[in-house]
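Q: Have a look at this one before I ask anything.
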Amino acid sequence: MKLDYKRTILIGFAFMSILAFWQFYDQVIPYLLENKFGLSTFVTNAIMSIDNVLAIFMLPLFGAISDKTNSKLGKRTPYVLFGTIAAVALMVLLAFAQQLRSLPMFLVTLVVLLVVMSVYRSPAVAYMPDVTEKPLRSKGNAVINLVGYIGGIFATVAMMFMLKSETLPDGSKVYSDRQSFLPIFFVIAGFMLLSVLVMVFAVKENKLPHVDDSAETNAADGGVKAGGRAKLAGPVRVSLIMILLSVFFWFMAYNAVSTAFSRYCVDIWGADLSASSGYLLVGTVAAIAAFMPLGFLSSHLGRKKTIILGVLLMTVCYGAAFFLRSATWIMYVIFALVGVGWAAINVNSFPMVVEMCSGGDVGKYTGIYYTFSMAAQIVTPLLSGLLIEKLPMGYLLLFPYAAVFSILALITMFFVRHGDNKPAKKASLLENFDVDD
């Protein structure tokens, strides 16, 4: 049994498109809302949480709907293709809304765009498990993440080169009215569309053999057949709840940092978006580089322990970042380590959730997984924004806040007892990028 690398990479182009969008969204949109439209930190963070409010209902809904879809394009492809086309059109409209400085037009377009993104995210993520056997899904997920990170890198590099700030007499950096944000909107939109078109034309979903394990019973996890699908036994349900809580907590930490870091750079360090983009780029590159050693580590420790080490590493990094009062090279080291920890978490957590469900429910459980991550991203911008705005520490509160929730994720992860397989040792160096099971 071997993973079809070419097919998995091409399927990952959908995820690459999605990550390019969210990297751009997290960096540029809050800056525009706060610095160009003059909104407060709390209001900006409230707006930034709208996508997560929508997603908490729409991700499981459209994950389940796509499970039952049967079209000429397949189960997942129609949502990804037409969703991306709609998203790209809305991004162009959003670009002109910010250029015109029309806040009502900007907000309405943004909300519709976020609705569209919620429609096809679960189908895009569920695509790989549909056509990949259970023993290969951790490997497939690692490949999907690697390809997805390319989208994040592209967006970050594009922002670094296309957005130019000016230095004020006091040393702080700002974007003047001469800086047009139109080109970066268009470049990201074009990348998204091209990525998905390559996937659609290169991989014909309706011609692929789909994995049929809807009636499969996992004896090790205590699955019980119910109506052609596996009903979770009590202990498995507890493990599922615990890992979903872990997902919630580590996204509470990570999303607070990723959403507010561009403004942290401006407020605490007097830097600009290129600074925050540079640190995030290092984190992304480090995550990719970490797949090989993580492969070796997972072959000995398994998914759960690898996740725990990743969360612990991120907790230490959040604590260390608090003590830095200027943009220094040390921050590159910290973000590189955060990237390693985040990679350890993401490669293993989604397969652990999917391992507890039956094949016929992959879309549904994908939606549930993202519901918890999105729920965190609803709460954390509001809570962190309120605390930053109201407490004397201001943005200095950001990293201690992240460290606290990261510790909570560690605690709940210790209670996860199912969905963990210790990967077999790799036959080659290349396979160590897989984080196999």
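The values are calculated or read from the model by the stated rules, or taken from the named source; none is laboratory data. Nothing here was measured: the structure is a model prediction, and the numbers come from that model. So basically every Cβ, Gly included, is an ideal-geometry build from the backbone, and we count neighbours across all protein chains shown.
Q: Checking L136 against (1) part of a helix (DSSP H, G or I); (2) modelled with pLDDT under 70; (3) not basic (K, R), which single condition isn't satisfied?
A: In the conditions (1) part of a helix (DSSP H, G or I); (2) modelled with pLDDT under 70; (3) not basic (K, R), L136 misses (2) alone.
Matching residues to (1) in contact with a helix residue (DSSP H, G or I) (Cβ under 9 Å, 6 or more places away or on another chain); (2) modelled with pLDDT of 85 or more; (3) closer than 24 Å to V416 by Cα; (4) buried (at least 23 other Cβ atoms within 10 Å of the Cβ):
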position	(1), (2), (3), (4)
G278	yes, no, no, no
S298	yes, no, yes, yes
G302	yes, no, yes, no
L313	yes, yes, yes, no
A343	yes, yes, yes, yes
N348	yes, no, yes, yes
Y370	yes, no, yes, yes
M374	yes, no, yes, yes
Q377	yes, no, yes, yes
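Q: Any idea which residue in the stretch 38-56 is surrounded by the most Cβ atoms within 10 Å (Cβ to Cβ), counting only those that are under 20 Å from Y370 (Cα atoms) and small (G, A, S)? Don't jump to the end; show me each part of the working.
A: Filtering the stretch 38-56 for residues under 20 Å from Y370 (Cα atoms) gives 45-56.
After this cut, where a residue has to be small (G, A, S) as well, the list is 46, 49, 55.
Working: A46: 18, S49: 21, A55: 27.
Step by step, filter the stretch 38-56, then rank; the result is A55.
Q: Of all residues in the stretch 82-105, which are assigned to a helix (DSSP H, G or I), more than 12 Å from V116 (Cβ to Cβ) and touching a residue at least 24 places away in the same chain (Cβ under 8 Å)?
A: V92, A95, F96, Q98, Q99, L103
Q: Filter the stretch 1-55 for residues that are over 16 Å from L110 (Cα atoms), part of a helix (DSSP H, G or I) and not hydrophobic (A, V, I, L, M, F, W, C); which is farthest from the chain's Cα centre (by Cα)? Don't jump to the end; show me each part of the working.
A: Pass one, the stretch 1-55, residues over 16 Å from L110 (Cα atoms): 1-17, 19-20, 35, 38, 40-42.
Remaining after also requiring part of a helix (DSSP H, G or I): 5-17, 19-20, 35, 41-42.
Next, only the ones that are not hydrophobic (A, V, I, L, M, F, W, C) stay: 5-8, 12, 17, 35, 41.
Details: Y5: 22, K6: 23, R7: 21, T8: 18, G12: 13, S17: 12, N35: 25, T41: 23 Å.
For the stretch 1-55, the residue satisfying everything is N35.
Q: Considering only the stretch 240-260, state which residues are farther than 19 Å from I378 by Cβ and either buried (at least 22 other Cβ atoms within 10 Å of the Cβ) or among the basic types (K, R) (or both).
A: L240, I243
Q: Let me ask something else about it. What are the pairs with Cβ atoms under 9 angstrom where one residue, in the stretch 1-13, is without any contact (Cβ under 8 Å) to a residue 12 or more places away in the chain and the other, located anywhere, is of a type in the set (F, W, Y) and assigned to a helix (DSSP H, G or I)? Sequence gap at least six, or different chains.
A: Correct list of pairs: empty, since none qualify.
Q: Go through the stretch 1-18 and give me each residue that's buried (at least 22 other Cβ atoms within 10 Å of the Cβ) and of a type outside the set (V, I, T).
A: At the first step, the residues of the stretch 1-18 found to be buried (at least 22 other Cβ atoms within 10 Å of the Cβ) are 8, 11-18.
G12, F13, A14, F15, M16, S17, listed by residue number.
Q: Any chance the stretch 175-195 includes a residue that's at pLDDT 80 or above, outside any helix (DSSP H, G or I) and among the hydroxyl-bearing types (S, T, Y)?
A: Yes, the conditions are met somewhere in the stretch 175-195.
Q: Can you pull out the residues in the stretch 95-112 that are of a type in the set (A, V, I, L, M) and buried (at least 22 other Cβ atoms within 10 Å of the Cβ)?
A: From the stretch 95-112, those of a type in the set (A, V, I, L, M) are 95, 97, 100, 103, 105, 107-108, 110-112; that's our starting set.
The one that is of a type in the set (A, V, I, L, M) and buried (at least 22 other Cβ atoms within 10 Å of the Cβ): L110.
Q: Check L208, L240 and return the single one that is modelled with pLDDT under 80, in contact with a Gly (Cβ under 9 Å, 6 or more places away or on another chain) and at negative phi. Please lay out each step first, then the result.
A: Details: L240 fails: modelled with pLDDT under 80.
Only one candidate qualifies: L208.
Q: Out of all the residues in the stretch 73-85, is one or more touching an Asp or Glu at 6+ places or on another chain (Cβ under 6 Å), of a type in the set (S, T, Y), within 30 Å of M128 (Cα to Cα) and surrounded by 21 or more Cβ atoms within 10 Å (Cβ to Cβ)? Show your work before the answer.
A: Initial filter on the stretch 73-85 (touching an Asp or Glu at 6+ places or on another chain (Cβ under 6 Å)): 74, 77.
From what is left, the residues that are of a type in the set (S, T, Y) are 77.
Then drop every residue that is not within 30 Å of M128 (Cα to Cα), which leaves 77.
Within this subset, residues satisfying the condition of being surrounded by 21 or more Cβ atoms within 10 Å (Cβ to Cβ) are 77.
Scanning the stretch 73-85 turns up at least one residue that is touching an Asp or Glu at 6+ places or on another chain (Cβ under 6 Å), of a type in the set (S, T, Y), within 30 Å of M128 (Cα to Cα) and surrounded by 21 or more Cβ atoms within 10 Å (Cβ to Cβ).
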